[in-house]
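Okay, so here's the structure we're looking at.
The values are calculated or read from the model by the stated rules, or taken from the named source; none is laboratory data. Note that the structure is predicted; figures quoted are calculated from it, not measured. Cβ atoms come from the backbone with ideal geometry, glycine included; neighbour counts cover every protein chain shown.
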Amino acid sequence: MYKGKKVLVAGGTGTIGIPTVRRLVKLGARVTVVALDEPAYARELLGHEVEFKHADLTSPDECHAVMEGQEFVFNLVGIKGNTGIGTSLAASYFVPMILFQTNIMEAAFMAGVSRFLFVSSVCAYPQGELHDEDNLWEGMPKQNDRYAGIAKRVGEIQGETYLLEHQWDAVRVIRPANVFGPYDDFNPATAQVIPALISRALSGENPLVVWGDGSAVRDFVFSEDVADAALLALEKAPANVPINIGSGRGITIKDLADTVASLVPGNPTIEWDTTKPAGDPIRLLATERAQELLGYTPATSLADGIDQTIEWYLSNSDLANRRKGVVNAGE
């Protein structure tokens, strides 16, 4: 399917983007990556088999320019952040997300792109314990995820509108759980829990202070596995049918923190800050649809994924620390 195809990966320098790009190159695609990173930095990440374009995807004109001649599009642009980012940087989080996801999809529609992957998120779901794909509209996203969740819902609806009015059946939708892996945001001020704990532990913090009491349950999925799912979804998923991409199992934040502490050098102890927010008590994704429609099951255990992420960060801390800030990060 991908051999010889012109494929645009928006946000191809991010956590999901880089393994996705590498798979596409291996499959013989003619890949262009567009992101806000400086070209020299992007070249370090991507190598020389990929064309890189520096562009601001909140601009409709720049979206149309990079879309010219493309056949497939992966929209992996996203704004990742910790529990507090969604309120402390609410406008910086919400407005660019709405702009770039709207502009990218509109440009793809206008250019006649035949396949388009929209990456939604677990944060679009209302509060609940186990989310299957059909319960998205059974309530609002929880307060701390309200802005990001609503933005992702808008992106999904945008794809539906093109199908209804124009019969443009290009859009495929995946909803990943909490994604982690190499090339993540490791800045403790903005990072999500796994890269933040890794970065802080390797900087010598002991005890490691973790928000909440450790009882919250989450679904974590390794970035390499999400990249596999992204390629399968573009090929096999029905148009505009959302598909959860998770691990299929939950883990408490306590067990997660203990796993990180056991794998990083120094094995720090954990201290809990119960004055800080911890998010939803339980947030898990049903994964039957991914198995049925894509034949997808994740290949990487949580411990193996964390271990690989630690090893990558130990070897690439300088590269990780040069990553763009939260409002410019890829998924």
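Computed quantities for the displayed model
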item	result
Scan of the stretch 151-180 for residues that are farther than 23 Å from P96 by Cβ and either in a helix (DSSP H, G or I) or at pLDDT below 95 (or both), ordered by number	L163, L164, E165, H166
Counted residues, the stretch 63-80 - those being touching a residue at least 60 places away in the same chain (Cβ under 8 Å) and either among the small types (G, A, S) or under 12 Å from V113 (Cβ atoms) (or both)	8
Failed condition for G250, given (1) in contact with a Leu (Cβ under 9 Å, 6 or more places away or on another chain); (2) surrounded by fewer than 19 Cβ atoms within 10 Å (Cβ to Cβ); (3) at pLDDT below 95	(2)
Set D307, D280: member being closer than 18 Å to P195 by Cβ and not aromatic (F, W, Y)	D307
Which numbered condition V113 fails, given (1) within 16 Å of N244 (Cα to Cα); (2) not in a helix (DSSP H, G or I)	(1)
Exclusive hit being closer than 27 Å to A65 by Cβ, of a type outside the set (G, A, S) and over 19 Å from the mean Cα position of the chain (by Cα), set T161, T102	T161
In the stretch 156-190, the residues that are β-branched (V, I, T) and either touching a residue at least 24 places away in the same chain (Cβ under 8 Å) or closer than 28 Å to L45 by Cα (or both)	V171, V173, I174, V179, T190
Any pair with Cβ under 7 angstrom, 6 or more apart, that starts in the stretch 35-62 at a residue that is among the aliphatic types (A, V, I, L, M) and ends at one that is assigned to a loop (DSSP other than H, G, I, E, B) and at pLDDT below 90	L36/K324
The stretch 25-78, subset of a type in the set (A, V, I, L, M, F, W, C) and assigned to a loop (DSSP other than H, G, I, E, B), residue modelled with the lowest pLDDT	L36
Count - residues of the stretch 129-147 that are buried (at least 16 other Cβ atoms within 10 Å of the Cβ) and more than 15 Å from the chain's Cα centre (by Cα)	8
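Yes or no, residue by residue, for (1) closer than 18 Å to L76 by Cα; (2) crowded, with 19+ Cβ neighbours inside 10 Å:
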site	(1), (2)
Y2	yes, yes
K6	yes, no
A10	yes, yes
G14	yes, yes
T20	yes, yes
R23	yes, no
G28	no, no
V31	yes, yes
L46	yes, yes
